[in-house]
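Asks: This is the structure, below, for whatever I ask next.
The values are calculated or read from the model by the stated rules, or taken from the named source; none is laboratory data. Keep in mind that this is a model prediction, so the values were computed, not measured. For neighbour counting, all protein chains shown are included, and Cβ atoms are generated from backbone atoms with ideal geometry for every residue, glycine included.
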Amino acid sequence: MQKIERVIETILFQSRWLLAPIYLGLVVCLVLLMVHFGHELYNFVLKIPTAKEADVILGTLSLIDLAFTGNLVVIVIFSGYENFVSKIEVEAGDRPDWMAKVDFGGLKQKLATSIVAISAIQVLKSFMNLEQAETVDNTKLAWLVGIHVLFLGSLLAVALADRLSEHPPEEKPAKPG
């Protein structure tokens, strides 16, 4: 019976390697994101000579949005691989400081923070587009703000839950009776 248990546990433990192709797929997504960023940057540079201030701000926000998304993908790749598959062995000087420090709770917070930042940029871009729009789509704007507030609330809930789980309330000493 113990042999069967050991085989099952070995299979379960080795199954973590099934995640490796998923992280490699995210590397492909990062490459595609870089291609899209390059395309956006090229179009942005071409429009700069005739662009209004609002267009420059919107173009910059779009590039920042793509950079945040890239950061998010990198965080998921590194942290997910290190937390669930295997340690990444690279030269210490090249290794980002946060890699060894981000556990699953930290990963959730970084993901939630990135999503809130991306959402905030989308809301800001929509507000900036109000000047250029002939008609204002209040429903779309309300949805963007509502979803952003939902993401923000989720971030606060995750942070609060993580904080409570790290520091359980101290037990008060029993009063002598």
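Asks: Is it the case that segment 49-58 has a residue that's outside any helix (DSSP H, G or I) and either on the phi < 0 side of the Ramachandran plot or surrounded by fewer than 13 Cβ atoms within 10 Å (Cβ to Cβ) (or both)?
Replies: yes
Asks: Take L61 and tell me if it is assigned to a helix (DSSP H, G or I), surrounded by 13 or more Cβ atoms within 10 Å (Cβ to Cβ) and at pLDDT 95 or above.
Replies: The answer is no for L61.
Asks: Does segment 148-163 contain any residue that is modelled with pLDDT of 75 or more, outside any loop (DSSP other than H, G, I, E, B), exposed (fewer than 10 other Cβ atoms within 10 Å of the Cβ) and of a type in the set (S, T, Y)?
Replies: no
Asks: Just to be sure before I move on: is A67 more than 16 Å from the chain's Cα centre (by Cα) and within 21 Å of S126 (Cα to Cα) in the structure I sent?
Replies: Against the criterion (more than 16 Å from the chain's Cα centre (by Cα) and within 21 Å of S126 (Cα to Cα)), A67 does not qualify.
Asks: Go through segment 83-108 residue by residue and tally those that are in contact with a helix residue (DSSP H, G or I) (Cβ under 6 Å, 6 or more places away or on another chain), of a type outside the set (A, V, I, L, M, F, W, C) and at pLDDT 70 or above.
Replies: 2
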